[in-house]
Amino acid sequence: MAYIIDGKQISQDIKNELREKVTQFKENGKNIALAVVQIGNDPASSVYVNNKKKACEFVGIRSVAYELPEETQQDELLKLIDDLNADHSIHGILVQLPLPKHMNENAIINRISPLKDVDGFHPQNVGALCIGQPGFVSCTPAGIIQLLKRSDIEIAGKECVIIGRSNIVGKPMSLLLLAENATVTIAHSKTENLMEVCKRADILIAAVGRPKMFTKEYVKEGAVVIDVGIHRLESGKLCGDVDYDDVLSICSAITPVPGGVGPMTIAMLMNNCVESLKLQHME
């Protein structure tokens, strides 16, 4: 029977550890604050933002919310980011994505100070990750590394296949696994013989955004399967990119959806907020 990797429990362990650190910081007169900026009222974004606020409250980080109307102009948002960059009481800045169509996502991300970019999306932080320098790491890939390590799953020397090459998951995931001495393959929509490539993996990470795409035909016996996808079926049930019930019988460990990777993303955002104090004091 496959080991079910409990992202809810592991994320709670991380938040408990961070809560202790934040309490110590407060005792030394250091308070951490995260600015959360949301444009418009996309229902999924609102859920994510509320979850982030709850996590901040639990850990002891002050969250400062900026809820702007959908028609907010890009210049107004850039001005707000400039003000937050200059505000020494704000340690992290998070602009909830996706943005309205009339805004240039890259321009917004690039405007956030790399020292306050707790999402880990700024090109300077991505570059730092490439060459092993200090900086913020994208939260979902960082969370997956913690899931593996805290589940005592060996990474060094293992063959890891990531399906998906996004800037938020696939690419940073490959760099983090390389840093842990894994052998890494990134597969994507143009990969030939995808099933054969996936079947080589000791650790298979699915991040393509297609519900239940990966059945046991894609999985080597005894592999570890990490499912980054999340989709709501017509029945109302949630599922991932992996056909969980089908794959369960063949893998050695697997993340469920929900309750696997999802909670880790917010836990690592909290971790980045705590790290922001260190990074800003290195300057």
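Could you work out how much longer the chain between residue 31 and residue 195 gets when fully extended? Use 0.36 nm per residue separation minus the Cα distance between them, nm to one decimal. Kindly include the intermediate steps, with their values, before the conclusion.
Details: separation 164, 0.36 × 164 = 59.04 nm, distance 4.93 nm.
The span from residue 31 to residue 195 would gain 54.1 nm if fully extended.
Taking amide H positions as placed in the peptide plane 1.01 Å from N, state which residues far from residue 220 in sequence (5 or more) or on other chains have amide H under 5 Å from it.
Amide H neighbours of residue 220, under 5 Å, 5+ apart: 201.
Note the direction-averaged projected area, equal to a quarter of the hull surface, for the Cα convex hull of the range 136-211, in nm².
Computed as one quarter of the Cα hull surface, the answer is 5.1 nm².
In degrees from 0 to 90, rounded to the nearest 10, what is the angle of the helix 43-59 Cα long axis to the longest principal axis of the chain?
70
Report, by chain and number, residues whose modeled amide H sits under 5 Å from the one on residue 187, excluding near sequence neighbours (fewer than 5 apart, same chain).
Hits under the 5 Å cutoff: 162, 163, 164.
Which angle from 0 to 90°, rounded to the nearest 10, does the C-alpha axis of helix 170-179 make with the longest principal axis of the chain?
80
Taking the Cα centroid of the range 1-30 and of the range 50-79, what is the distance between the two, rounded to the nearest whole Å?
About 22 Å separates the Cα centre of the range 1-30 from the one of the range 50-79.
Please list log₁₀ I(q)/I(0) at q = 0.13, 0.28 Å⁻¹ for the range 186-245, using the Debye equation with identical point scatterers on the alpha-carbon positions.
Those come out to -0.32, -1.24, one per q.
Report for the range 139-262 the percent antiparallel among DSSP-assigned beta bridges with both residues inside it, nearest 5.
Given both bridge residues lie in the range 139-262, the antiparallel proportion sits at roughly 10 percent.
Run the reach check for residue 54 against lysines, Cα to Cα strictly under 17 Å, same-chain hits fewer than 8 apart removed. What comes back?
Reachable lysines: 8, 15.
Compare 211, 43, 114 in a GNM of the chain, Cα atoms joined below 10 Å, and give the one with the largest fluctuation.
Comparing 211, 43, 114 in the GNM, the peak value goes to 43.
Working from Cα positions, state the angle (0 to 90°, nearest 10) between the long axis of helix 261-282 and the longest principal axis of the chain.
Here the helix axis deviates by roughly 40 degrees.
Between 194, 94, 18, which gets the highest mean-square fluctuation from a Gaussian network model of the chain, Cα cutoff 10 Å?
Comparing 194, 94, 18 in the GNM, the peak value goes to 194.
Size of the dipole of the range 211-283 about the Cα centre, Lys and Arg at +1 and Asp and Glu at -1 on the beta carbon, nothing else charged, in debye to 20?
Computed charge dipole of the range 211-283: roughly 120 debye.
When a/c is below 1.5 the answer is rounded, else prolate if a/b is larger than b/c, else oblate, so apply that to the range 28-114 with a ≥ b ≥ c taken from the square roots of the Cα gyration tensor eigenvalues.
Values: a/c = 2.44, a/b = 1.32, b/c = 1.85.
The shape class here is oblate.
Across the chain, where is the longest run that never hits trypsin sites (Lys or Arg not before Pro) in a DSSP loop with at most 11 other C-beta atoms within 10 Å?
Counting at most 11 other Cβ atoms within 10 Å as exposed, the longest clean stretch of the chain is 1-100.
Mind listing the phi-derived Karplus ³J(HN,Hα) values for the range 80-96, rounded to whole Hz, using 6.51, -1.76 and 1.60 with θ = phi - 60°, and x for any glycine or proline?
4, 4, 4, 5, 5, 4, 7, 8, 5, 7, 9, 9, x, 10, 10, 9, 5
Cα atoms only, the chain: Rg and Dmax in Å?
Values for the chain (Cα only, Rg and Dmax): 19.1, 57 Å.
Among all the lysines, which ones have a C-alpha under 22 Å from residue 158's C-alpha, if same-chain residues fewer than 8 places away are not counted?
Straight-line reach from residue 158, under 22 Å: 149, 171, 199, 216, 220.
So for the chain, averaging the separation of alpha carbon pairs under 8 Å that are six or more residues apart and normalising by length, what relative contact order in percent results? Present the calculation step by step, with values, prior to reporting the outcome.
Details: 543 pairs, mean separation 62.0, N = 283.
Value for the chain: 22 percent.
For the chain, what proportion of DSSP beta bridges, expressed in % and rounded to the nearest 5, is antiparallel?
5
Could you give the distance between the Cα centres of the range 125-186 and the range 187-257, to the whole Å?
Here the two parts' Cα centres lie 18 Å apart.
Values quoted throughout were computed directly from the atomic coordinates according to the rules given, and no laboratory measurement underlies them. Computed from a predicted structure; not experimentally measured. In this analysis, Cβ positions are derived from the backbone assuming ideal geometry, glycine residues included, and neighbour counts consider all displayed protein chains.
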